[in-house]
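Report on the following structure.
A short reminder: the numbers here are calculations on the coordinates, not readings from a lab. Please read all numbers here as calculations on a predicted model, not as lab measurements. Cβ: placed from backbone, ideal geometry, glycine included. Neighbour counts: every protein chain shown.
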Amino acid sequence: MSLLKEPDLGTPAKPGPATVTVEVDGHPVAVPEGTSVMRAAALSGIDIPKLCATDSLEAFGSCRLCLVEIDGRRGTPASCTTPVTQGMKVTTQSPKLEKLRQGVMELYISDHPLDCLTCSANGDCELQDMSGVVGLRQVRYGYDGENHLDEKTDSSNPYFDFEASKCIACSRCVRACGEVQGTFALTIEGRGFGSKVSAGGTDFMSSECVSCGACVQACPTATLQEKSVVQLGMPTRSVVTTCAYCGVGCSFKAELRGAELVRMVPYKDGGANEGHSCVKGRFAFGYATHPDRVLTPMVRESITDEWRPVDWETAISYTASKLKDIQTRHGVGAIGGITSSRTTNEEVYVVQKMIRAAFGNNNVDTCARVCHSPTGYGLKQTFGTSAGTQDFRSVAKSDVIMVIGANPTDGHPVFASRMKRRLREGAKLIVVDPRRIDLVRSPHIEAAHHLQLAPGTNVAVVNAMAHVVLTEGLVDRSFVDERCEDFDAWAEFIARPENSPEAVEELTGVPAEELRAAARLYATGGNGAIYYGLGVTEHSQGSTMVMGMANLAMATGNIGRDGVGVNPLRGQNNVQGSCDMGSFPHELPGYRHVSDDVVRGVFENMWGSTLLPEPGLRIPNMFDAAIEGTFRAIFVQGEDIAQSDPNTKHVHAALAAMELVVVQDLFLNETAKFAHVFLPGTSFLEKDGTFTNAERRINRVRPVMAPKTGKHEWEIVAEIAQAMGYPMRYDQPSQIMDEIAALTPTFAGVSFDKLDKLGSVQWPCNDNAPEGTPIMHMDGFVRGKGRFVQTPFVPTRERSTRKFPLILTTGRILSQYNVGAQTRRTGNVAWHPEDVLEIHPHDAEVRGINDGDEVTLASRVGATSLRAVFSDRMPVGVVYTTFHHPVTGANVVTTENSDWATNCPEYKVTAVQVGLKNPPATADVASSEHRLPAMAD
Amino acid sequence: MTTHTGMSPQVRLANEIAVHFHHQPPEQAATAIAEHIRAFWDPRMRTELLQRAESEPDALDPRALAAARLLTG
């Protein structure tokens, strides 16, 4: 494939039907009202010269290159800022226009280095292109006068340079930072000839810049250029694929020179991101070719032995024979596995199939267990299906946006940019979070209400909001009567005095009047949309809270149309897909219970195997069973459970107790320290398949390069199954998707061919919705009627005590991703080289802690140490940290507490004590007896 | 095996489920708890719970105990 260059129509599309007809150079074209002359011309096939215009940004009208003549109008208006009118006749080329444009270009070029042949943007420079387009043949002004040619280059950012001498001050970067990203880190400093782009008066690295790449994308010259392009040269071919970081699932053009990946450029036609990106997806792909990657299978008898590299045949037969031997000695249920949310749907599907059909049990779980399993439970109970209700575009129609337990600007930055755009347009924001996240107050955005609740009191708050809605007569009765059931019993429960804002004020820390005002705003402010994250799910009442939010949305009629809904912001790239693919021990693909004889029969018929009708073990149950001795072997696909799961000491003890731990991953991670077989995995650049994002959008993941390991992950899994005696063979991953479609009603219409044709589809995709379903529950809930569920508040058992008086809550940061296995191996470490403990100055002062001190963080299950950083983002009594670095081992202190319904760990509430690290901490981080020096991670 | 709370994991989990059905009448709650455990628990966990219900019934929330007895049926 050659380099894919998407057309740039100059200004953004306007909504609505094409009702306005104009004539451009004699060519008629019909466009929606409000469309610019420039865009209308481009749609009729005529490109008007431009520099400051690009269709991702609103028209600016500064470069004066896009001048046109319009019949009946005086002068030469800029086509980018002039909207079409019915019957307008436009001329884009004339001697007069030619002369004007040449004059403009002459001025630009007179203050621009003439180093085109050696410039990194040679061949991809709009200034160069426009010089040719306007026919510039001479520049009458020399370089003797004042110019900007000696401006210094800012190379402070790890990923791109700012070569100021090449800047034409078109403001595209400044506008992209504001309009697209919503950060407003850049500005034009100075006036007139002294105007220059500035990152707030400092260098890029020290500025508010979040390195999303929007400015680099928008720059028409080499001024803002990827370092990789400077070093490697312009790419020559593109492969459209999907990012492997968060659940937004951005589409990218992987741009290569030969076999070398030069850069990742966000794809304008990507349904999830529509041409935007964040620092991780745009730049942090170096881990895929990092020297730490292991490319050869390895085995060892004991975890104290050295690894022994072997060929694939040996690794597969060793794994299969060990698994079978353990089953012979300990029973069919003594083994199991975990699927990964970082692998494709096809790879997940074959792992769960291997476990159910070749292992012969249902001991399969997935990392969603520790993040969004309560979403699956809660939304299925209330709405009938385990997924968010909206597409990302829907937020553009929201009037009130309620963000609960999520930090989108860090965790889901590309969606956050969409959300911020809508907030700048005037939508109201309610933030429910113990921490003052950036969204609460950022450029041009201020939350109407920040309900800064005490950790662990989510359900009390959502119940109180529902109490206000009900008792103040704000229920949408027609919606409830027509679409829902079990309302009366719920109403009786929620109206009880103990659910009132006043009754829960002391407990939650949220002033009753503030809560009442927020509830009224959500209920009466127009389209109300809820977006939530792990601050909802990772609690002992995670599932209850999901149902509480669903109750609130149904009571106010905020379900089933554009702009509303209940929307989980999924953590990992394919966490939705891994759940869809039957990774839970009680559900076959498509969320159908294993006890359903009819469903099981369909799978048994297709798979040629008898399936168990009983649920298998969930991840925490596997650990418990391993320590009890009834669970002896585990296959771990792309998940670092030794670092990511709570109560590290317990997890390590469980892993150490097993006879066989098989790890399929890119790196020798913390879990690999307990492994006997290491099966090297493939990065997203090598995979061929699909990811499903948080809006149920199924995107193609196309191979940018061949597997560096020599095998696709699905091939390895199928060969293990075969070696165990179960026939499983596919020639292509498309065959796996075809099998998924044949067995799963919500995927019935999905195929690689359709995805290649449409770009992406959102499930359900079947005969009823051949091109997918952007918004769910429009004509009725999946379960028929939406069900109100009573959600009594039950306090967590985890309480602050005299010994552990603070509450620790955890989260993640923009530049790092989960356990950091990927981002720690990229330039992103420049922003976050270590996990730190954010502590309120008051809590620090009473403990004699200074900003930057090393402190010990201890809970009832363990202790670790890290650096303290003062912050007033949390209330007094609450501390906060991230979990991106294994050396910190934040999960050493988290406990066995979990969501009552799903066993999702209660990461967000841990009673802790913090003290100066003197004497040295008693941390049992990654218990040193298992930390083998031969393994680097 | 016991946890930091001194309970077996199955007893702890069953009690945590039971607390979330305290708002329901005892019989209805026991049925709902039993249904939940049947739907989500591996058989070996259910067996362990039944053994604990026999050997240390006082460790179980009364609704969880009632649910365990329903599971034997």
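For this structure, a couple of remarks:
- Label-point gap, in nm, between A:E482 and A:D47 - each point 7 angstrom along Cα→Cβ: 5.0 nm
- Local electrostatic count at A:A199 - Lys and Arg +1, Asp and Glu -1, tallied over other residues with Cβ under 10 Å: -4
- Sequence-distant aspartates and glutamates (8 or more away, or on other chains) whose Cα lies within less than 16 Å of A:K268: A:E6, A:D8, A:D55, A:E58, A:E179, A:E255, A:D756
- Calculated FRET value between A:N122 and A:K196, using beta carbons and R₀ = 25 Å, to 0.05: 0.60
- Prolate/oblate/rounded call for region A:349-506, Cα gyration tensor, a/c under 1.5 rounded: oblate
- Measuring between their Cα centroids, region A:530-548 and region A:446-491 lie 14 Å from each other.
- Selection from A:I813, A:M874, A:Y907 lying farthest towards where the dipole of region A:806-930 points positive, charges on Cβ: A:I813
- Sorting A:L423, A:L808 from the fewest to the most surrounding beta carbons within 10 angstrom yields A:L423, A:L808.
- The alpha-carbon of A:K803 sits under 24 angstrom from the alpha-carbons of these lysines, leaving out residues fewer than 8 places away in its chain: A:K649, A:K908, A:K917.
- Per-q log10 I(q)/I(0), region A:153-289, q = 0.10, 0.18, 0.21 Å⁻¹ (Debye; single scatterer per alpha-carbon; no solvent): -0.32, -1.02, -1.33
- Projected onto their three principal axes, the Cα atoms of region A:1-131 cover extents of 47, 40, 23 Å, largest first.
- About its Cα centre, region A:551-632 has a charge dipole of approximately 240 debye under the convention of +1 per Lys or Arg Cβ and -1 per Asp or Glu Cβ, with nothing else charged.
- The ranking of A:S341, A:S321, A:S815 by Cβ neighbour count inside 10 Å, starting from the fewest, reads A:S321, A:S815, A:S341.
- About its Cα centre, the dipole of the protein assembly as shown is roughly 880 debye, where the only charges are +1 on Lys and Arg Cβ and -1 on Asp and Glu Cβ.
- To the nearest ten degrees, helix B:43-55 and the longest principal axis of the Cα atoms of chain B are 90 degrees apart.
- Distance cut-off 49 Å, percentage of C-alpha pairs in the protein assembly as shown lying past it: 25 percent
- Translational diffusion coefficient (Stokes-Einstein; Kirkwood radius from C-alpha pairs) of region A:545-667 at 10 °C, 1.306 mPa s, in µm²/s: 90 µm²/s
- Neighbouring Cβ atoms from other chains, within 10 Å of the Cβ of residues in B:35-47, number 6 on average.
- Farthest toward the positive end of the dipole of the protein assembly as shown, out of A:G681, A:G190, A:G526, is the Cα of A:G190, where the dipole comes from beta carbon charges about the Cα centre.
- Inter-chain Cβ neighbour average for residues A:619-632, partner chain, 10 Å: 3
- Difference of contour (0.36 nm per residue) and Cα-Cα distance, A:W831 to A:R73: 267.5 nm
- Contact order, relative form, for chain A: 13 percent (alpha carbon pairs under 8 Å, 6 or more residues apart, mean separation divided by residue count).
- Helix A:733-743 axis, angle to chain A major axis (alpha carbon atoms, nearest 10°): 60 degrees
- Point-charge dipole on Cβ atoms (K/R +1, D/E -1) for region A:373-568, about Cα centre, debye to 20: 860 debye
- Two-decimal log10 I(q)/I(0) for region A:442-588, as the Debye equation yields it once each C-alpha is a single scatterer, q = 0.14, 0.17, 0.18 Å⁻¹: -0.73, -1.04, -1.14
- Axis angle, to the nearest 10 degrees, between helix B:26-40 and the longest C-alpha principal axis of chain B: 60 degrees.
- With a simple spin-label model that places each label point 7 Å from the Cα along the Cα-to-Cβ direction, the separation between A:S321 and A:D8 comes to 6.1 nm.
- Counting Cβ atoms of other protein chains within 10 Å of each Cβ in B:14-26 and taking the mean gives 4.
- Across region A:892-904, coupling constants 3J(HN,Hα) worked out from phi with the 6.51/-1.76/1.60 Karplus curve, θ = phi - 60°, read 4, 9, 6, 10, 7, 4, 8, 4, 4, 8, 10, 6, 5 Hz, and Gly and Pro carry x.
- Proximal lysines to A:K166, defined as alpha-carbon separation beneath 22 angstrom and excluding residues fewer than eight positions away on the same chain: A:K50, A:K152, A:K196, A:K227
- Helix-only CD estimate at 222 nm, as mean residue ellipticity for the protein assembly as shown, using -39500 (n - 2.57) per DSSP H run (n ≥ 4): -8500 deg cm²/dmol
- Summarising the amide proton neighbourhood of A:Y532: residues at separation of 5 or more, or on other chains, whose placed amide H is nearer than 5 Å comprise A:I404, A:N567, A:L569.
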